[in-house]
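A quick write-up on the structure given underneath.
The values are calculated or read from the model by the stated rules, or taken from the named source; none is laboratory data. Only a predicted model underlies this, so the values are computations on that prediction, with no experimental measurement involved. Note: ideal-geometry Cβ built from the backbone for every residue, glycine included; neighbour counts use all protein chains shown.
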Amino acid sequence: MSNTLLQLYDLSKKYGNLTAVNKLSLTIEKGKVYGLLGPNGSGKSTTLGMVLNVVNSTSGSFQWYEGKLTTHQALKKIGAIIERPNFYPYMSALQNLILICKIKQCSSDCIEEQLKLVNLWDRRNSNFSTFSLGMKQRLAIAAALVNKPDLLILDEPTNGLDPEGIHQIRKLIITIAEQGTTILLASHLLDEVEKVCSDVIVLKNGVKFYEGAVNGLTQTHGYFEIAAENEEQLLNFLKMHSDLGKIKKENQYYHVSLEKNISTTEFSKELQKAGILLTHFSKKQPSLESQFLSLTQTKKHATPEN
Amino acid sequence: MQLLKIELYKLWHSRISKVLIFGYFLLIFSIAILSTIKIEFGPINFYLAEQGIFNFPYIWHFNTFMIALLKVFFAIIIVAMIGNEYSNKTLKQNLIDGLSKAEFLRSKVYAILAFVLTSTLLVFIISLILGGIYSDYDELPIIFTDLEYLVAYTVKLFGFFTFCLFLSILIKRSAFALGFLALWQVIEGISFGLMKWTLSDLIPQISAEQIFKFFPLNAMGNLIKEPFSRLSAIQNIADQIGDGFVKDYSVSFLNIIIVLIWSALFIYGSYSLLKRRDL
């Protein structure tokens, strides 16, 4: 059995004049944990919608299991949650899962196991409509797992949840990933992807900007946010320093990117030696937003392909 | 079969649709209540059951016509069962879980077919019982004549429900779909009026009735013509007034074909809507 689960070939989706997904090509292989990263509106959900048979593609194609199965046959063997959890509100958690087993034509034996995994076994007979959003989302994960899927697709699974809910869901995803399930996690949160994924695909405006290992994307050493009484002296020092990269001024602080991992104590000692009196100093990691900006800016003129 | 089971499972676990379905089947039995209508008013002694409405083979015509009126009630269930899939977004979830769009539609059509056949069976049984009690004739050949009314009943219901299916997939919201159904009835009425008014001037060879019988709701209505004027009691009166009339009450084969073609179009239309739309 081959390891390729899903392949996309130049898949595009246009809504009128707007191109939501632009000639996207991807391969999803068994055994990896993929992150599909991109800001809101970058085409993540549309891409997933197309491979999940709910959005029609404008051009291009995709195939499941190297074309050995039709899309709906393949979907019976995977599990997916997109956007909000959708269940029959008048049915209990258990009844909903039994229905899903009927649709997926799988045995309903592992319903109990999955409901226990997501901590809903005690509420199995409550109607779906009585659940909180966090519980609904957990039920959705259980539903996506009842057929022991070859691939689990999660689209923004922590969206709209409170911190406790987010924590529970992330813990759950890590547990599932550790069990060896292939996962495709779409998110706009870099740290979410960073925590669980081995591979990452970055989308912006429907175009793929990056595909590869997660640490390749997050390989920055952060930056210093710094201010001193004597600005000129500080600026000269920063410019002369060999381990520092770009310098820019934002509000009253200088932002200096690091080429190398330098600890704050080490650096403040050096500044002290140079006789610079600091008024503000801290080390920060770039936000997803700036990460994206740097990524999209550096690759603006390159072809979208890798 | 698996698809029918899925659909029935969905309906069975909804209290509202369960109540409505049982309500509908119980209402079918309510035609028996007609048999108990007895009016005694001084010298006038009127006992409905003895007016011949339950005579074989007339009973097939009368019961299928009367019970078919209840179809509107069942239309609510059909429209709700599609509308809910849209409003709960469970249609989307069903597709993600691996049901194809064609399978989704088939599960609905099978459910409709199952209910139509159950309904027909009930009409058959209740007519047999009522006829057995009240009919003046009980020879087997007479009992089993005019059974084509049952075929017409099946086709009529199936046509009507597939129309509901199509409308609810088109409009996605149950209440609006029902509203549109009522509106459509009016549209057919008005267009018939307009045709009658203008057509005779434009193309005198074709009468408005000839075109009108191809309209979906009218074609369904024509399948079983009103049975009242066929009652011997009423025909006697008409004869006495000197206004005797001859009307063809039989089930027309052409009509059955027209309705079946509409059903096929509605199902195909539903499918192409499902296929084309993004969810």
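Structure notes:
- Every condition in (1) more than 16 Å from the chain's Cα centre (by Cα); (2) more than 23 Å from B:Ile256 (Cα to Cα) holds for B:Ile187 except the one numbered (2).
- Residues of region A:30-68 satisfying the condition of being farther than 15 Å from B:Ile96 by Cα, within 14 Å of chain B (Cβ to nearest Cβ), surrounded by fewer than 23 Cβ atoms within 10 Å (Cβ to Cβ) and not β-branched (Val, Ile, Thr): A:Ser57, A:Tyr65
- Scanning region A:69-107 for residues that are among the hydroxyl-bearing types (Ser, Thr, Tyr) and within 12 Å of another protein chain (Cβ to nearest Cβ) returns A:Thr70, A:Thr71, A:Tyr88, A:Tyr90, A:Ser92.
- Residues in region A:72-114 that are touching a Leu at 6+ places or on another chain (Cβ under 6 Å) and free of Cβ contacts under 8 Å to residues at least 40 places away in the same chain: A:Ile103, A:Ile111, A:Gln114.
- Boolean, B:Ser168 is hydroxyl-bearing (Ser, Thr, Tyr) and more than 16 Å from the chain's Cα centre (by Cα): yes
- Within region B:55-97, the only residue that satisfies the criterion of being in a loop (DSSP other than H, G, I, E, B), away from chain A (no Cβ under 13 Å) and free of Cβ contacts under 8 Å to residues at least 40 places away in the same chain is B:Leu69.
- Residue check for A:Ala142: assigned to a helix (DSSP H, G or I) and crowded, with 22+ Cβ neighbours inside 10 Å: yes
- Which numbered condition B:Trp197 misses (of (1) over 22 Å from B:Leu217 (Cα atoms); (2) surrounded by fewer than 16 Cβ atoms within 10 Å (Cβ to Cβ)): (1)
- Condition met for B:Ser87 (buried (at least 22 other Cβ atoms within 10 Å of the Cβ) and among the small types (Gly, Ala, Ser)): no
- Where a residue in region B:121-143 is closer than 15 Å to B:Ile33 by Cα and its partner, wherever it lies, is small (Gly, Ala, Ser) and assigned to a helix (DSSP H, G or I), with Cβ under 7 Å and at least six apart: B:Ile126/B:Ala32; B:Leu130/B:Ala32; B:Leu130/B:Ser35; B:Tyr134/B:Ser35; B:Tyr134/B:Ala49
- Scanning region A:30-42 for residues that are modelled with pLDDT of 90 or more and over 13 Å from A:Leu185 (Cβ atoms) gives a single hit, A:Lys30.
- Filtering region A:81-123 to residues that are among the acidic types (Asp, Glu) and over 26 Å from the mean Cα position of the chain (by Cα) leaves A:Asp109, A:Glu112, A:Glu113, A:Asp122.
- Cβ pairs under 8 Å, 6+ apart, first in region A:217-245 and surrounded by fewer than 17 Cβ atoms within 10 Å (Cβ to Cβ), second modelled with pLDDT of 85 or more and part of a helix (DSSP H, G or I): A:Ala227/A:Leu234
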